[in-house]
Amino acid sequence: LMFANPARRALTDALLRAPHAIGHVASASGASVSATSAPAASMMLASLRTQIRSIGDRGVPEEYGQPKTGGTGFLGTPKNHRALLEKRPMSPDVFAADGGWSAHYKFPPVALSSITNRVSGIVLSGALSTGGVIALVAGPEAVPATVEAFKHAAPILVIPAKFALSFPFVFHTLGGFRHLIWDTTMRGINNESANTTSLALFGVSAAASAALAAYTW
């Protein structure tokens with residue numbers, strides 16, 4: 001919640017702690033509110049919550065999330081989506097409600113591909129940053145020298161390391177092309193097609209990465 005008025009901020013903070021103390025808080029904060037009963041204070045608190053809910057200094061527009069220009073209507077968002085959101089229950093944690101480490105939700109292929117796309121982007125950023133730091137500290141010739149030193153120190157790890165670097169690159173690249181098709185044509189944006197292309201994305205990425213890892217130059 002955002003508060004533009006210090007007096008209202010102090011008043012509402014106290015109401016959140018003890019609604020029955022509204023009269024004392026109002027006089028202390030300088031707000032012109034008379035002492036009242038707890039039910040009346042609760043009603044006023046509800047009113048304040050409605051009035052002060054805002055995004056920055058602009059407030060929350062009535063058509064927020066579904067503007068008059070259409071918003072996400074082309075994706076099938078219903079016009080009464082805000083009313084539907086009010087009825088939506090709180091979402092549980094990712095893990096089991098009993099505190100265990102088992103997943104609370106099922107993870108279909110499209111969810112796994114979405115997660116992998118983000119992780120692969122982080123891995124690529126880390127790899128490029130590592131190479132950049134090595135080149136910055138020891139010069140550009142230090143990068144191939146480091147690679148050669150690794151190959152001689154742990155030859156058994158060369159192919160796994162090449163696969164570990166190839167897979168994020170291939171997966172993220174192909175995933176980017178898939179998103180480009182989605183964004184420009186809106187084709188394949190449904191559960192069946194998304195699951196199919198996700199499985200294909202994993203399969204092609206794994207095969208191409210294995211081929212790159214096995215190739216020696």
Query raised in the report: So how much slack lies between residue 74 and residue 215, counting 0.36 nm per residue of separation and subtracting their Cα-Cα distance, in nm?
Result: 46.2 nm
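Please work out the FRET efficiency for the pair residue 122 and residue 190, using the Cβ-Cβ distance as r and a Förster radius of 25 Å; give the result to the nearest 0.05.
Given R0 = 25 Å and the Cβ-Cβ separation, E is 0.35.
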Query raised in the report: Between residue 173 and residue 86, how many nm apart are label points set 7 Å from Cα along the C-beta direction?
Result: 5.1
Query raised in the report: Counting other Cβ atoms within 10 Å of each Cβ, which trypsin sites (Lys or Arg not before Pro) in the stretch 139-217 have at most 13 and sit in a DSSP loop?
Result: 187
Query - FRET efficiency, residue 105 to residue 143 (Cβ-Cβ, R0 35 Å, nearest 0.05) - result: 0.25
Query raised in the report: Which GluC sites (Glu not before Pro) in the stretch 127-217 pass both tests, a DSSP loop state and at most 15 other beta-carbon atoms within 10 Å?
Result: 141
Query raised in the report: Quick one: length gained pulling residue 180 to residue 136 fully straight, 0.36 nm per residue minus the C-alpha distance?
Result: 12.5 nm
Report summary line: extent check for the stretch 122-182: Cα max minus min per principal axis, descending, whole Å, gives 43, 29, 15
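Could you tell me which of rounded, prolate or oblate describes the stretch 88-217, using a ≥ b ≥ c as the square roots of the eigenvalues of the alpha-carbon gyration tensor, with rounded for a/c under 1.5 and, failing that, prolate when a/b is larger than b/c and oblate otherwise?
prolate
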Report task. Would you mind checking which residues have amide H under 5 Å from residue 95's amide H? H placed 1.01 Å from N; only 5 or more apart, or other chain. Result -> 104
Requested in this report: Find how much the distance from residue 94 to residue 157 grows on full extension, using 0.36 nm per residue of separation minus their present alpha carbon separation; answer in nm with one decimal.
Outcome: 19.3 nm
Query raised in the report: Along its principal axes, what span do the Cα atoms of the stretch 153-217 show, with the longest given first and each in whole Å?
Result: 49, 19, 15
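Here, each number is a calculation from the coordinates, and none is a lab measurement. On a predicted model such as this, the values are computed, not experimentally measured, just so you know. All Cβ positions, glycine included, derive from the backbone under ideal geometry; neighbour counts span all protein chains shown.
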